[in-house]
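Coordinate-derived values only; no laboratory data. Given the structure is predicted, the values throughout are model-derived calculations rather than measurements. Note that we place each Cβ from the backbone using ideal geometry, even for glycine, and neighbour counts take in every protein chain shown.
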Amino acid sequence: MKLITHTYNLKLKHPFTISRGTRTEISSIIVELNHNGISGFGEATANPYYNTTTEQFKAELLEKHTIIENFSDKTPEEFWSYLFQYFKNNMFLLCAIDEAYTDLYTRLKKLKLYQYWNFNLENIPKTNYTIGIDSIENMVLKMKEKPWPIYKIKLGTKDDIQIVTELRKNSNSIFRIDANCGWNPTETIKNSIELKKLGVEFIEQPLPANNWSGSKVVYENSHLPVIADESCIVESDVKKCHNHFHGVNIKLMKCGGLTPAKRMLTKAKSLGLKTMVGCMTESSVGISAIAHLTPILDYVDMDGALLLKNDIAKGVTLHNGTIKFSKLNGTGVLLNV
């Protein structure tokens, strides 16, 4: 098996603001694993909040390429366990390798990934489209530019209720709120009352990730379901979220890839938690991987590639929230360049 890397600068259509800051572009590394002329692809993007850079990714891949290229007939689950001992301190990179290997393995088996997992596509959820923090006027314009059945609205400002009130005047779509750790418990409970009146479906990660006592208070008193994001990073976090959140939003890059994400979702379901997978700012390489988990999800946020000026791959496509899978096997990805 041969390791090949590609780096890209992904430019956003609009400046994207959340409670932690604004970005207009992000760097991405694509891991390609080739065996007998067939390639699988995975992705990791730079993220200042998690101290990841593509330079760091490239250096570590160069240092450990023989570990990855030591190909055997391992299943993706076995290969992830083998890789974890070497990449456990870099979950983003582990994710890219896991996605690429899972893609390659299922292509070699002449299967789509959801077929390998024995999933069916009967009841997969629609994806939301994210509206970043901006002036109310610009947020309305972004909604009009992209009519969509479900919007995720980023909040964490002093005018949050006013923002949602004005957006609601311009749309009958489902609203989901993501405060990205920007609120406190009292504020969250108070906001939940008003947001419920405005037809909001749920609130995502209102409190800082480690505020477990506050999360318990919110869980017991919120008028809307609360979904964990930054509080649910790795597998051990799922159990901690039980009785502190109503559901979990799992990010593949944060947890180390498709393989652990699938285990986390199974665990969450066993605890009665709602299941969701979200995306980072990423291309159709990462987004197409997420798509294959949708048969076991209640909600999905996989709009990352829609926010880009320059998607560098083809794969799953999204039409008014509805997911259409690629005809290719594996995760169904093909690089444009």
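Suppose the chain between Gln162 and Glu122 were pulled fully straight at 0.36 nm per residue; how much longer would it get relative to their current alpha carbon spacing?
Working: separation 40, 0.36 × 40 = 14.40 nm, distance 3.81 nm.
Residue separation times 0.36 nm, minus the Cα-Cα distance, leaves 10.6 nm.
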Checklist line | Whole-angstrom Cα spans of the chain along principal axes, big to small | finding: 57, 39, 39
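With a 10 Å Cβ neighbour count serving as the proxy for reagent exposure, in which order, fewest first, do His14, His246, His292 appear? Display every interim value, and only then the final one.
Details: His14 15, His246 18, His292 28.
Lowest to highest Cβ neighbour count: His14, His246, His292.
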Item checked: Inter-site label distance for Ser81 and Lys2 at 7 Å from Cα along Cβ, in nm -> 3.1
Next item on the list: Any chance you could list the semi-axes, whole Å, largest first, of the equivalent ellipsoid that the Cα gyration tensor gives for the range 154-205, using √(5λ)?
Entry: 17, 11, 10
Notebook entry, point to check: What list of ³J(HN,Hα) couplings, whole Hz, do you get for the range 51-59 from phi and the Karplus terms 6.51, -1.76, 1.60, once you set θ to phi - 60° and write x for glycine and proline?
Noted result: 6, 10, 9, 5, 4, 5, 4, 4, 4
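For Phe16, Phe202, Phe245, what ranking results if the residue with the fewest other Cβ atoms within 10 Å of its Cβ goes first? Let's see the in-between values first.
Working: Phe16 20, Phe202 24, Phe245 27.
In increasing order of surrounding Cβ atoms, one gets Phe16, Phe202, Phe245.
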Notebook entry, point to check: Order of 166-173, 112-119, 91-98, 127-134 by packing, highest average Cβ count within 10 Å first?
Noted result: 91-98, 127-134, 112-119, 166-173
Next item on the list: Describe numerically, in nm with one decimal, the distance between label points set 7 Å from Cα along Cα→Cβ at Lys13 and at Glu220.
Entry: 4.4
Next item on the list: State, to one decimal in nm², a quarter of the convex hull surface area for the C-alpha atoms of the range 2-111, i.e. the direction-averaged projected area.
Entry: 7.8
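Please arrange Ser231, Ser39, Ser215 by counting, for each residue, the other beta carbons lying within 10 Å of its beta carbon, fewest first. Intermediate results must be reported in sequence, preceding the final value.
On the way: Ser231 23, Ser39 18, Ser215 26.
Placing the least packed residue first, the sequence is Ser39, Ser231, Ser215.
For Asn70 and Asn243, what does the FRET efficiency come to when R0 = 35 Å and r is the distance between their Cβ atoms, rounded to the nearest 0.05? Spell out each step's value before the answer.
Details: r = 43 Å, r/R0 = 1.22.
E(calc), rounded to 0.05, equals 0.25.
Can you give the helix-only mean residue ellipticity at 222 nm for the chain, where every DSSP H stretch with n ≥ 4 adds -39500 (n - 2.57) and the sum goes over all residues, rounded to the nearest 500 deg cm²/dmol? Walk me through the intermediate numbers first.
Details: 12 runs with 124 residues, N = 337.
Using -39500 (n - 2.57) per qualifying helix, the result is -11000 deg cm²/dmol.
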Check: If each of Trp212 and Lys269 carries a label point 7 Å out from its Cα toward its Cβ, how far apart are those two points in nm?
Finding: 2.6
